[in-house]
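Bear in mind that the values in this text are calculations on the coordinates, not laboratory data. Quick caveat: nothing in here was measured; it's all calculated off a predicted structure. Quick reminder, even Gly has a Cβ in these numbers, built from the backbone with ideal geometry, and neighbours come from all protein chains shown.
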Amino acid sequence: MEKVKKVVVYPCGGIGFPLSSVARYAAFVVTEDLLPGKTEIVDAVRLINGFPDEVELVENNPTIIIDGCGYHCGSNLFRLLGIKPAARILATVISKLPPTFVAGCTKKEINLSPGRERRVPSESGKNLAREIAVQVKTLALIMLNPPYHYKKQRVNTEKTKICEYIDDPTLEFNYIEVKEGIYRPTEMPKLSGLEP
């Protein structure tokens with residue numbers, strides 16, 4: 001196990017739902033504004049096609065998946081590649097919680113709905129993306145600091161059949177909820193500060 005130097009973010013890759021755009025927007029907020037240089041977005045196409053730099057990125061660093069909807073695209077992709085994410089954020093749950101990125105505000109004061117825009121999130125979708133980004137930043141900071149240590153994994157590109165989708169990868173990853181909307185596989189290191 002090694003000290004973590006970078007945290008990878010994989011946002012929902014779907015294009016049919018506003019939450020997909022919100023998840024991607026959140027990933028950009030984290031990697032460009034909140035933790036630049038310490039976080040990086042993984043490219044699914046390059047990863048599936050076995051590009052060495054993308055494969056090494058997810059093998060050598062913990063990944064936070066932002067699943068945008070009930071299809072669990074991110075979790076399914078990592079399941080197919082044989083990689084356990086370090087944590088998962090479920091955007092549908094976060095959208096129902098009070099915001100934390102503006103102290104003292106309530107859900108009624110700041111709209112966290114995904115909105116209806118798919119190409120670029122609406123203002124409420126951007127608010128939700130910022131909330132998700134704050135949650136990703138919190139998780140990434142836990143992973144970047146001791147006592148968190150990440151054990152390298154190996155991507156399995158040999159037998160990957162991208163069409164072997166399952167409805168709910170929660171059981172396969174043994175996800176446990178550590179905070180509302182935030183999960184980790186039981187086999188991955190605990191997220192200190194969020195769980196005992």
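Over all other residues within a Cβ to Cβ distance under 12 Å of residue 37, the charged ones net out to 0, with Lys and Arg as +1 and Asp and Glu as -1.
The ranking of 72, 149 from fewest to most other beta carbons within 10 Å of each one's beta carbon is 149, 72.
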